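Visitor: Sending over a structure as C-alpha cells; questions will come in a sec.
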Amino acid sequence: MSGTLRDRSVDDLTEDEARAELDALGQELLQHDEAYHGQDAPLISDADYDHLKRRNLALEARFPHLKLADSASDRVGARPQEKFEKVQHAVPMLSLDNAFDDEDVAEFDQRIRRFLGLDADADLAFTAEPKIDGLSASLRYEKGVLTVAATRGDGAVGENITANIRTISSIPQTLSGSDIPDVVEVRGEVYMAHEDFAALNDRMLAHGGKVFANPRNAAAGSLRQLNPDITASRPLQFFAYAWGDMSAMPSETQAGMVACLAEWGFTVNPYLQRCGAVGDVLAVYRSIEADRAVLGYDIDGVVYKVDRLDYQARLGFVSRSPRWAIAHKFPAEKATTILDGIDIQVGRTGALTPVAKLRPVTVGGVVVSNATLHNEDYVRGVGSNGESIREGKDLRVGDTVTIQRAGDVIPQIVDVDLSKRADDAEAFVFPDACPACGSHAIRDVNEATGKVDAVKRCSGGLICPAQAVERLKHFVARNAFDIEGLGARQVEAFYRDGLIMNPADIFTLRDRDARSLKRLKDREGWGPKSAGNLFDAIDERRSIDLNRFIFALGIRHIGETNAKTLARTYGSFDMLRDALVAAHDPESEAWADLVATDGIGDIVARAAVEFFSEVHNLAIVDALAEQVTPLPLETVSDSSPVAGKIVVFTGKLEQMSRDEAKAMAERLGAKVAGSVSKKTDILVAGPGAGSKLKKAQDSGVQVIDENGWFALIEGEQ
Ligand code: IVH
C-alpha cells in the first residue's frame with residue numbers, strides 16, 4: 001500500500017486528496033479483482049482486500065460525487081468473505097420483556113409508576129407501534145455518513161454486515177436534514193414483505209433451491225450472506241424504531257426521536273402512535289391486530305415504550321430488557337395434529353425430558369414435528385404446580401392434539417381431543433431408568449420446600465454419557481466457549497471416540513493429536529486445513545471472560561445473568577473458586593456473602609456451592625483452569641466514586657424509590673447488599689432507619705443520607 005494518505009481518517013482528507021486516493025484505490029482494486037477472479041491467484045490476503053474495499057466505500061460515502069463510474073464498490077463478483085467480522089456495540093442492543101394480556105400491560109404501567117414514585121393519576125405517556133418480526137440491526141452514521149452496520153448478535157457483540165446493509169434501498173447511505181449529530185446509531189428491523197417472500201420462494205423453487213420457511217428466515221438468510229451481491233438480489237426492507245450511541249439527542253421524547261429518524265430519511269412505521277395514558281395503548285393494540293392480515297409483513301405484537309426519555313434513563317434495564325418498554329404479544333397460533341410418539345431426552349443436568357414426536361404440521365408458517373412435554377407430571381396431565389394445562393388429560397400415543405407456537409418459543413401441546421382417542425390407547429409409562437446409561441431415574445425432594453421435584457433425573461452423574469455429552473455441548477455453545485468448528489455434532493463424535501471426555505480435553509487435543517497414530521486430519525470429514533483451523537480456534541479461547549467461563553461450566557440455575565453476577569462479585573476465578581468451596585459451611589462468612597449478593601437467591605447459591613463441593617467437579621474445573629485463563633469482567637463504570645463499593649440502603653428514601661436507588665448504584669458499578677456487614681462501604685440512611693444504621697455506626701461504616709448520596713455521585717448519572 002502506498003501512502004501516508006491512507007493512514008489518515010477519511011474525515012480529515014481534503015477533496016483533492018480524496019480524489020487522488022480514490023483513483024489510486026480504483027486501479028489497485030481492479031488489479032486485485034483480476035488476479036483473484038481472472039487468474040485465481042490473489043495478490044493479497046482477503047483481510048487486506050476487505051480493508052481496501054472498505055476504505056474505498058468510506059471515501060465514496062463522504063464524497064459521493066467523486067465516485068468513479070467503474071467503482072469497485074459496484075462490481076459484481078466481489079471476493080467473498082470467509083466470515084463476518086465482529087462489531088462491539090457502543091450501547092448494548094437489548095431485547096424486550098413480554099406482556100400476554102391486558103393485565104400484564106396494567107402491571108407494566110404500575111411497575112413504572114412505583115419505580116419512578118409517580119401517583120396513579122400522574123401523567124405517564126407511551127408510544128405504541130407494531131413489533132416487526134424480522135431481525136434487528138444497528139446502523140452507525142458518522143457526520144451523517146453510514147460507516148458500520150451490525151447485527152444484534154448477543155446484544156454486546158454483533159456481526160459486521162455493512163456491505164449487505166448498503167444494498168437495502170430504503171436505508172440511506174447519508175442522512176438528510178440539518179443539525180445531524182456527529183454520531184448517530186439508528187436501530188430497527190430488517191424484514192421481508194409477504195409478497196416479496198412469496199416471489200423469492202418461487203424463484204428459489206424454479207432454480208431447484210431450498211425454500212424459506214417464513215419471511216423472517218428469508219430475511220435472516222439474505223442478510224447473513226457473505227456475498228453482498230446475493231443480499232442485493234433479495235428484497236429487504238427496514239423500519240427504524242430506536243437508537244444506540246448518539247453524540248447529541250435531538251428530542252426529549254420517544255415520539256420526537258422517531259420523528260427525527262423519519263426526517264433523516266428512514267422509513268418509520270406508520271402505525272406508531274403516542275398515547276397519553278396506558279388506557280389508550282390497548283385501543284392501538286386492537287386496531288393494529290385488526291389490520292394484521294393486510295399489513296403485508298409479519299408482526300407478532302405491539303411494543304409500548306415510555307415516551308419521556310428522562311424517565312427511560314431513570315428506569316434503565318433489568319438483565320437484558322429495558323424497564324420502560326414491553327412487547328404485548330398476539331395470541332399464539334394453533335394447529336391440530338397427531339402425537340406419534342414420546343421420546344425421552346437426557347439433558348446436561350440429568351433431567352429426563354419427554355418430547356412429543358408429532359406428525360409434521362404447519363403452524364404460523366413453520367413446520368413443527370416436536371413439542372416439549374416438560375416432565376412426567378405434564379404428560380400425565382396432573383401438574384405438580386397445579387397448572388391447568390390440558391385440564392388434567394393424560395397424553396397417549398396416537399392422540400389428536402392441539403399445539404401452539406408463539407414466536408421463537410418451543411411449541412407446546414395445549415389440548416387433547418378425547419373424542420378421537422382410540423379405546424385401546426395406553427397411558428404412557430415414564431421410565432424409571434435413564435435411557436442413556438440405565439441408571440436409576442429419581443425425583444428429588446426439595447430440601448427447602450419438602451415438595452417432590454417435577455423433574456426426574458438420572459442418578460448416573462459422570463458415568464452417564466448423555467449428561468457428559470450435553471455438558472460438553474453446552475460448554476462449546478455460542479454464549480459459552482463458542483469454538484468455531486466445534487459444534488454439537490463434532491462434540492458427539494469426539495466423545496464417542498474417546499477423544500474429548502471433559503472440557504479440559506478440548507485444550508489438550510492438539511498435543512495429543514500430534515502424538516497420535518490416527519491423526520484428526522486423516523479422519524472422515526476432516527483434512528489438514530480444517531484440523532488446523534480447529535486447533536487454532538481452540539487456542540483462541542485459551543483466554544476467555546470470566547462470566548463466560550462460569551456459564552460454560554453448566555452449573556444448574558447458573559445462566560448467563562447469574563454467571564455475570566458471580567464474575568462481577570468475585571472478580572477472579574481463584575477468588576470465586578475459594579469462596580464457593582468455603583461457602584460449603586453454612587455458618588461461614590463466605591456463605592453469608594454469597595446469599596447477600598444481589599440477584600443471587602438461595603437456590604442459585606446452593607447450586608453453585610453444591611457444584612464446587614463435588615470432588616470430581618473440582619478436578620474438572622481445575623484441569624480446565626490449567627489450560628484456560630479466565631479474564632476478569634470489566635465493571636460497568638470503574639471511574640465512578642462508588643464503583644466496586646458495597647452499598648446498603650435503609651430507611652425511607654424520598655427522592656427515588658428503593659428499586660431506582662438500587663438500579664442507579666449498580667449502574668455506577670456499586671454492589672447493593674441487603675444487610676450491613678464488615679464489608680459494607682456505605683450506608684445510605686433515610687428517615688426511620690433502625691438496626692442497620694446502628695450496626696453501621698457501631699462498625700464504623702460510612703453513613704450518609706439521600707442528599708449525601710446524590711452529592712457523592714454528582715455528575716455521574
Ligand atoms: S425496541 C430497547 N421496537 O423485538 C428496546 N423492538 O423482542 C429495543 N422489535 O430485539 C427494541 N419491532 O429486534 C423495538 N417496534 C419495535 C420492534 C422491536 C421488533 C424486535 C427487536 C428486538 C426484539 C425484542
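The values are calculated or read from the model by the stated rules, or taken from the named source; none is laboratory data. None of the values given here were measured: they were computed from a predicted structure. Glycine gets a Cβ as well: all are built from the backbone with ideal geometry, and neighbour counts include every protein chain shown.
Visitor: For the stretch 163-183, give me the residue count where each residue is part of a loop (DSSP other than H, G, I, E, B) and either within 17 Å of PRO64 (Cβ to Cβ) or within 14 Å of the ligand (Cβ to nearest atom) (or both). Before the answer, list the steps.
Guide: As a first pass, look at the stretch 163-183 and keep what is part of a loop (DSSP other than H, G, I, E, B): 166-173, 175-182.
Going one step further and asking which of them are either within 17 Å of PRO64 (Cβ to Cβ) or within 14 Å of the ligand (Cβ to nearest atom) (or both), we end up with 166-167, 169, 171-173, 175-177, 180.
The number of residues fulfilling the criteria is 10.
Visitor: Starting from residues that are farther than 30 Å from GLN254 by Cα and charged (D, E, K, R), keep the ones in the stretch 184-215 and report whichever is nearest to the ligand (Cβ to nearest atom). If you could, list the steps in order and put the result at the bottom.
Guide: Of the stretch 184-215, the ones farther than 30 Å from GLN254 by Cα are 195-214.
Narrowing the set further to residues that are charged (D, E, K, R) leaves 195-196, 202-203, 210.
Values: GLU195: 20, ASP196: 18, ASP202: 27, ARG203: 27, LYS210: 25 Å.
Selected residue: ASP196.
Visitor: Pull up the stretch 234-250, narrow it to residues that are part of a loop (DSSP other than H, G, I, E, B) and either within 16 Å of the ligand (Cβ to nearest atom) or not polar (S, T, N, Q) (or both), then point me to the one that is nearest to the chain's Cα centre (by Cα).
Guide: Kept after step one, since they are part of a loop (DSSP other than H, G, I, E, B), are these residues of the stretch 234-250: 234-236, 247-250.
From the residues that got through so far, the ones that are either within 16 Å of the ligand (Cβ to nearest atom) or not polar (S, T, N, Q) (or both) too are 234-236, 248-250.
Values: ARG234: 26, PRO235: 26, LEU236: 23, ALA248: 27, MET249: 27, PRO250: 29 Å.
The residue in question is LEU236.
Visitor: Name every residue in the stretch 267-284 that is touching a residue at least 40 places away in the same chain (Cβ under 8 Å) and either within 13 Å of the ligand (Cβ to nearest atom) or touching a Cys at 6+ places or on another chain (Cβ under 7 Å) (or both), in order of residue number.
Guide: If the condition is that a residue be touching a residue at least 40 places away in the same chain (Cβ under 8 Å) and either within 13 Å of the ligand (Cβ to nearest atom) or touching a Cys at 6+ places or on another chain (Cβ under 7 Å) (or both), then THR267, ASN269, TYR271, LEU272, GLN273, VAL281, VAL284 are the ones that fit.
Visitor: Return the residue satisfying two criteria in turn: it lies in the stretch 173-191 and is charged (D, E, K, R) and more than 23 Å from ARG54 (Cβ to Cβ), and of such residues it is modelled with the highest pLDDT.
Guide: Applying the first criterion (charged (D, E, K, R)) to the stretch 173-191 yields 179, 182, 185, 187, 189.
Those left that are additionally more than 23 Å from ARG54 (Cβ to Cβ): 179, 189.
Working: ASP179: 86, GLU189: 98.
Step by step, filter the stretch 173-191, then rank; the result is GLU189.
Condition check ((1) basic (Lys, Arg); (2) closer than 21 Å to ASP593 by Cα) across all residues:
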site: LYS678; (1), (2): yes, yes
site: SER691; (1), (2): no, yes
site: LYS695; (1), (2): yes, yes
site: ASP698; (1), (2): no, yes
site: ALA711; (1), (2): no, no
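Visitor: Taking TYR285 and the conditions (1) surrounded by 19 or more Cβ atoms within 10 Å (Cβ to Cβ); (2) hydroxyl-bearing (Ser, Thr, Tyr); (3) under 24 Å from ILE165 (Cα atoms), which numbered condition does it fall short on, given that it satisfies the others?
Guide: Among (1) surrounded by 19 or more Cβ atoms within 10 Å (Cβ to Cβ); (2) hydroxyl-bearing (Ser, Thr, Tyr); (3) under 24 Å from ILE165 (Cα atoms), the lone unmet condition for TYR285 is (3).
Visitor: Moving on. Can TYR285 be described as under 19 Å from LEU96 (Cβ atoms), at pLDDT 95 or above, of a type in the set (Phe, Trp, Tyr) and assigned to a helix (DSSP H, G or I)? Write out each step before concluding.
Guide: Details: under 19 Å from LEU96 (Cβ atoms): yes; at pLDDT 95 or above: yes; of a type in the set (Phe, Trp, Tyr): yes; assigned to a helix (DSSP H, G or I): yes.
It is true that TYR285 is under 19 Å from LEU96 (Cβ atoms), at pLDDT 95 or above, of a type in the set (Phe, Trp, Tyr) and assigned to a helix (DSSP H, G or I).
Per-residue answers, yes or no, for (1) surrounded by fewer than 13 Cβ atoms within 10 Å (Cβ to Cβ); (2) assigned to a helix (DSSP H, G or I); (3) of a type in the set (Lys, Arg); (4) at pLDDT 95 or above:
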| residue | (1), (2), (3), (4) |
| --- | --- |
| PHE84 | no, no, no, no |
| PRO92 | no, no, no, no |
| ARG113 | no, yes, yes, yes |
| ALA120 | yes, no, no, no |
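Visitor: Give the residues of the stretch 454-475 that are out of contact with any Phe, Trp or Tyr (no Cβ under 9 Å at 6 or more places or on another chain), farther than 18 Å from LEU553 by Cβ, surrounded by fewer than 20 Cβ atoms within 10 Å (Cβ to Cβ) and of a type outside the set (A, V, I, L, M), sorted by residue number.
Guide: SER459
Visitor: Regarding the stretch 148-162, can at least one residue be identified that is within 13 Å of LEU223 (Cα to Cα), free of Cβ contacts under 8 Å to residues at least 40 places away in the same chain, of a type in the set (A, V, I, L, M) and within 16 Å of the ligand (Cβ to nearest atom)?
Guide: Checked against the condition, which is being within 13 Å of LEU223 (Cα to Cα), free of Cβ contacts under 8 Å to residues at least 40 places away in the same chain, of a type in the set (A, V, I, L, M) and within 16 Å of the ligand (Cβ to nearest atom), the stretch 148-162 yields at least one hit.
Visitor: Having 3 or more residues that are free of Cβ contacts under 8 Å to residues at least 40 places away in the same chain and hydrophobic (A, V, I, L, M, F, W, C) is the bar; report the strands (runs of 3 or more DSSP E) wholly within the stretch 627-717 that clear it.
Guide: Details: elements: 629-631, 646-650, 682-685, 702-704.
Because the criterion is at least 3 residues that are free of Cβ contacts under 8 Å to residues at least 40 places away in the same chain and hydrophobic (A, V, I, L, M, F, W, C), the strands (runs of 3 or more DSSP E) in the stretch 627-717 that meet it are 646-650, 682-685.
Visitor: Which condition number does ALA206 fail, the rest of (1) out of contact with any strand residue (DSSP E or B) (no Cβ under 9 Å at 6 or more places or on another chain); (2) in contact (Cβ under 8 Å) with a residue 40 or more places away in the chain; (3) more than 26 Å from ILE326 (Cβ to Cβ) being met?
Guide: Condition not satisfied by ALA206: (2).
Visitor: Out of the stretch 216-233, which residues are within 16 Å of the ligand (Cβ to nearest atom) and in a loop (DSSP other than H, G, I, E, B)?
Guide: ARG224
Visitor: Considering only strands (runs of 3 or more DSSP E) fully contained in the stretch 299-368, which possess at least 1 residues that are in contact (Cβ under 8 Å) with a residue 60 or more places away in the chain and farther than 22 Å from ALA488 by Cβ? Before the answer, list the steps.
Guide: Values: elements: 299-306, 325-329, 333-346, 352-363.
Result: 299-306, 325-329, 333-346.
Yes/no matrix, rows are residues, columns are (1) among the polar types (S, T, N, Q); (2) modelled with pLDDT of 90 or more; (3) closer than 30 Å to VAL455 by Cα:
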| site | (1), (2), (3) |
| --- | --- |
| GLU492 | no, yes, yes |
| ILE506 | no, yes, no |
| LEU520 | no, yes, no |
| ALA537 | no, yes, no |
| ARG542 | no, yes, no |
| ARG548 | no, yes, yes |
| HIS557 | no, no, yes |
| MET575 | no, yes, no |
| ALA583 | no, yes, yes |
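Visitor: Would you check if ARG443 is among the basic types (Lys, Arg), surrounded by fewer than 21 Cβ atoms within 10 Å (Cβ to Cβ), part of a loop (DSSP other than H, G, I, E, B) and at negative phi?
Guide: Numbers: among the basic types (Lys, Arg): yes; surrounded by fewer than 21 Cβ atoms within 10 Å (Cβ to Cβ): yes; part of a loop (DSSP other than H, G, I, E, B): no; at negative phi: yes.
Criteria not met by ARG443.
Visitor: Which one is farthest from LYS305 (Cα to Cα), of the residues in the stretch 122-147 that are in a loop (DSSP other than H, G, I, E, B), more than 14 Å from the ligand (Cβ to nearest atom) and touching a residue at least 24 places away in the same chain (Cβ under 8 Å)? Even if it seems obvious, please write down each step before you answer.
Guide: First pass over the stretch 122-147, keeping only residues in a loop (DSSP other than H, G, I, E, B): 122-125, 133-134, 143-144.
The next check asks that each one be more than 14 Å from the ligand (Cβ to nearest atom); those that pass are 122-125, 143-144.
So of that shortlist, the ones also touching a residue at least 24 places away in the same chain (Cβ under 8 Å) come out as 123-125, 143-144.
Numbers: ASP123: 14, LEU124: 11, ALA125: 9, LYS143: 28, GLY144: 27 Å.
By that ranking, first place goes to LYS143.
Visitor: Could you go through the stretch 49-71 and let me know if any residue there is aromatic (Phe, Trp, Tyr) and within 16 Å of the ligand (Cβ to nearest atom).
Guide: Scanning the stretch 49-71 turns up no residue that is aromatic (Phe, Trp, Tyr) and within 16 Å of the ligand (Cβ to nearest atom).
Visitor: Which members of the stretch 518-572 meet the condition of being of a type in the set (Phe, Trp, Tyr) and free of Cβ contacts under 8 Å to residues at least 40 places away in the same chain?
Guide: Of everything in the stretch 518-572, those that are of a type in the set (Phe, Trp, Tyr) and free of Cβ contacts under 8 Å to residues at least 40 places away in the same chain turn out to be TRP526, PHE535, TYR570.
Visitor: So VAL190 ticks every box in (1) over 19 Å from ARG292 (Cβ atoms); (2) in contact with a helix residue (DSSP H, G or I) (Cβ under 6 Å, 6 or more places away or on another chain); (3) part of a loop (DSSP other than H, G, I, E, B) but one. Which box is left unticked?
Guide: Here VAL190 clears every test but (3).
Visitor: From the set of residues in the stretch 199-215 that are among the hydrophobic types (A, V, I, L, M, F, W, C), surrounded by fewer than 17 Cβ atoms within 10 Å (Cβ to Cβ) and assigned to a loop (DSSP other than H, G, I, E, B), which is modelled with the lowest pLDDT?
Guide: Looking only at the stretch 199-215, we keep the residues that are among the hydrophobic types (A, V, I, L, M, F, W, C), and these are 199-200, 204-206, 211-213.
If we keep only those that are surrounded by fewer than 17 Cβ atoms within 10 Å (Cβ to Cβ) too, we end up with 199, 204-206, 211, 213.
Filter once more, so that each one left must be assigned to a loop (DSSP other than H, G, I, E, B): 211, 213.
Working: VAL211: 79, ALA213: 76.
Among residues in the stretch 199-215 that are among the hydrophobic types (A, V, I, L, M, F, W, C), surrounded by fewer than 17 Cβ atoms within 10 Å (Cβ to Cβ) and assigned to a loop (DSSP other than H, G, I, E, B), the one modelled with the lowest pLDDT is ALA213.
Visitor: Look through the stretch 570-600, keep the residues that are surrounded by fewer than 20 Cβ atoms within 10 Å (Cβ to Cβ) and among the hydroxyl-bearing types (Ser, Thr, Tyr), and return whichever of them is farthest from VAL676 (Cα to Cα).
Guide: SER572
Visitor: Another question, then. Kindly check whether there is at least one residue in the stretch 314-327 that is away from the ligand (no atom under 14 Å from the Cβ), surrounded by 19 or more Cβ atoms within 10 Å (Cβ to Cβ) and either within 30 Å of ARG457 (Cα to Cα) or at pLDDT 90 or above (or both). Show your work before the answer.
Guide: Residues of the stretch 314-327 away from the ligand (no atom under 14 Å from the Cβ): 314.
Pick out the ones that are also surrounded by 19 or more Cβ atoms within 10 Å (Cβ to Cβ) and you get 314.
Next, from what is left, pick out any that are either within 30 Å of ARG457 (Cα to Cα) or at pLDDT 90 or above (or both): 314.
Taking every residue of the stretch 314-327 in turn, at least one turns out to be away from the ligand (no atom under 14 Å from the Cβ), surrounded by 19 or more Cβ atoms within 10 Å (Cβ to Cβ) and either within 30 Å of ARG457 (Cα to Cα) or at pLDDT 90 or above (or both).
Visitor: Pairs under 9 Å by beta carbon, first residue more than 13 Å from GLU524 (Cα to Cα) in the stretch 488-499, partner small (Gly, Ala, Ser) and assigned to a helix (DSSP H, G or I), six or more apart or different chains?
Guide: Correct list of pairs: TYR495/ALA468; LEU499/ALA493.
Visitor: Do you know which of the residues in the stretch 533-558 that are more than 11 Å from ALA480 (Cβ to Cβ) and of a type in the set (Gly, Ala, Ser) is surrounded by the most Cβ atoms within 10 Å (Cβ to Cβ)? I'd like the intermediate steps shown before the answer.
Guide: Quick first cut of the stretch 533-558, residues more than 11 Å from ALA480 (Cβ to Cβ) only: 533-540, 542-543, 546, 555-558.
Narrowing further to those that are of a type in the set (Gly, Ala, Ser): 537, 543.
Details: ALA537: 15, SER543: 11.
Top of the filtered list is ALA537.
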